[in-house]
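Only the coordinates and a few stated rules stand behind these numbers; no lab work does. Every value quoted in this text rests on a predicted model; they were computed, and no experiment measured them. When we count neighbours, we look across all protein chains shown, and the Cβ atoms used for this are built from the backbone with ideal geometry, even at glycine.
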Amino acid sequence: MKTKLLTILAIGMIAMTSCSKYPPSSGRLTEDLAVYTKYDVTANFSDYKTFKVVPYVSYINGKDSTTLTDANAMALLNEVSKNMVSRGYTAVTGATKADLGLNVTAIKNTTTTVYSPGWYWGYPGYYPPSWWGYPGYGYGYPYYPTYISSYSTGTVLIDLVDLKKPVGNTVMVRWNAYIRGLLTGSHSQADVLKCVDQAFIQTPALVTTQK
Amino acid sequence: MKKIILFLAVFMLITGMVQSQEKPASLGFRPSSYYTFSWNTTFTMGDFNKWVGNASPAGFDLGGRYFINHGLVAGFNLGWQRVSQSYGYQTYHGTDGTAITATNYRFTWMVPFQGVIAYHLMSDKMVSPYLGLGIGGDYMEHHLLVQEYDLYATRWDFSLTPEIGALLKFGFFSQWGALVAFNYKWTTNQIEGLDHTSKNLQMCNLKIGLSYIIR
């Protein structure tokens, strides 16, 4: 009897302790795309009227960086432009100075995990583009930026910088967004573009009125 | 897990049949105690149902009952339960200009522990229904998963659980039987600060299991 009793108690205890606290289906959460945004709450986005988008997507894979101009990259840039126009901003090209600059970066994988002011997103050796006419300028954050501890899941970053009021050799980031999960699940270009739209939707403060 | 339960069920059925064949026929026996191992399905109620609306079969319960006098028993229950639900894409806005849109998943993990008193009708029969009351507490963890972020709160509580059920012996002289029970549970536990507020979490539980009966 004692053996049977111990058996049922032992099986019961094993069954209970072997059960995971986290539901098995919760593991697939990281396969879904997620959109994180943060903006400078002290900024008045109505002070800005024009914008430029860097005409390529910066691409970072580990310690290597390059630029992308393929159809997927262009679709991403066009979606960013489209959203800016819908918020009342005017796109400018050529040598015309813009109030705001947008830079889109795709990150495949990196082990660099810590944001360090002065380095773009914590990647030593990688500088933001100077395409909009501020060569050598770095990014500055008037707020603690939204960032994640690792970029191993496939990430698209969008930075909106203030070209109207540079501070010293720094252009201040007024809004940033990142879309993550591109490599952990199966996602179409349309899914990613929807996330770009969502980044703007969840930032209603990013709007201006033309006079 | 299924294999363990299946093995346990077959083992107990065989053991029960062998033992019942060894004993002379009579009207059965009055147990001195019994132990139960049950599969527990949880149905959240009230505000708790707005946190997680799904019924959840993820739960187990281990119990012991000791006959004090005739049909009156005292004992304990230890358990493990989890309720969970995915809510798809949702957006959260922070006060510092932050916003996150991601798949939202909620779950509560519970470890109940209770002292139990119950009264068995016809405790020497093959089917012995009972009425019981569990008094004790729970350790609960309430989790809000927003993609990679896990926001959670832990709480201890006091709980009351009235229960009706029945012990069903596999034979007049079998020491193995089944347990079927249904209870309502009221707790002082609450959920706060996870984009949801619920107080005095309530639930119903359906328990189906096996019991080992001691003469």
Query raised in the report: Taking other Cβ within 10 Å of each residue's Cβ, how do A:Lys52, A:Lys21 sort, fewest first?
Result: A:Lys21, A:Lys52
Report summary line: Classified through the alpha carbon gyration tensor (a ≥ b ≥ c as square roots of its eigenvalues; rounded if a/c is under 1.5, else prolate when a/b is larger than b/c, else oblate), chain B comes out prolate
Report task. Hey, for a label at B:His93 modelled as a point 7 Å past Cα toward Cβ, could you say which residues of segment A:41-65 have their backbone N under 16 Å away? Result -> A:41-43, A:45
Query raised in the report: When the label point is put 7 Å from the Cα of A:Ala91 along its Cα-to-beta-carbon vector, which residues of segment A:31-67 have a backbone N closer than 13 Å?
Result: A:51-56
Report task. Quick one: of A:Lys38/A:Lys97; A:Lys38/A:Lys82; A:Lys49/A:Lys97; A:Lys82/A:Lys165; B:Lys50/B:Lys199, which pairs are farther than 18 Å apart, Cα to Cα? Result -> A:Lys38/A:Lys97; A:Lys38/A:Lys82; A:Lys82/A:Lys165
Query raised in the report: So for B:Leu201, B:Leu160, A:Leu76, fewest C-beta neighbours within 10 Å to most, what's the order?
Result: B:Leu160, A:Leu76, B:Leu201
Report summary line: Quick shape check on segment B:37-149: root eigenvalues a ≥ b ≥ c of the Cα gyration tensor, a/c under 1.5 is rounded, otherwise prolate if a/b tops b/c, else oblate, and it reads prolate
Query raised in the report: Which aspartates and glutamates have a Cα lying under 15 Å from the Cα of B:Lys207, excluding residues fewer than 8 positions away in the same chain?
Result: B:Asp61, B:Glu163
Query raised in the report: Short version: ³J(HN,Hα) in whole Hz for each residue of segment A:74-85, in order, from phi by Karplus 6.51 cos²θ - 1.76 cosθ + 1.60 (θ = phi - 60°), x for Gly and Pro, what are they?
Result: 5, 4, 5, 5, 4, 5, 4, 4, 4, 5, 5, 5
Query raised in the report: If you line up the long axis of helix B:2-22 against the longest principal axis of chain B, both from Cα atoms, how many degrees apart are they, to the nearest 10?
Result: 10
Report summary line: Neighbour-count ranking for B:Thr154, B:Thr98, A:Thr208, A:Thr105 (other C-beta within 10 angstrom, fewest to most) reads B:Thr154, B:Thr98, A:Thr208, A:Thr105
Query raised in the report: Restricting attention to segment B:131-192, which trypsin sites (Lys or Arg not before Pro) occupy a DSSP loop and are surrounded by at most 10 other Cβ atoms within 10 Å?
Result: none
Query - Cα centroid separation, segment B:169-209 to segment A:168-211 (Å) - result: 46
Report summary line: Here segment A:86-96 yields Karplus 3J(HN,Hα) values (6.51, -1.76, 1.60; θ = phi - 60°; whole Hz; Gly and Pro given as x) of 5, 8, x, 8, 10, 6, 10, 10, x, 7, 5
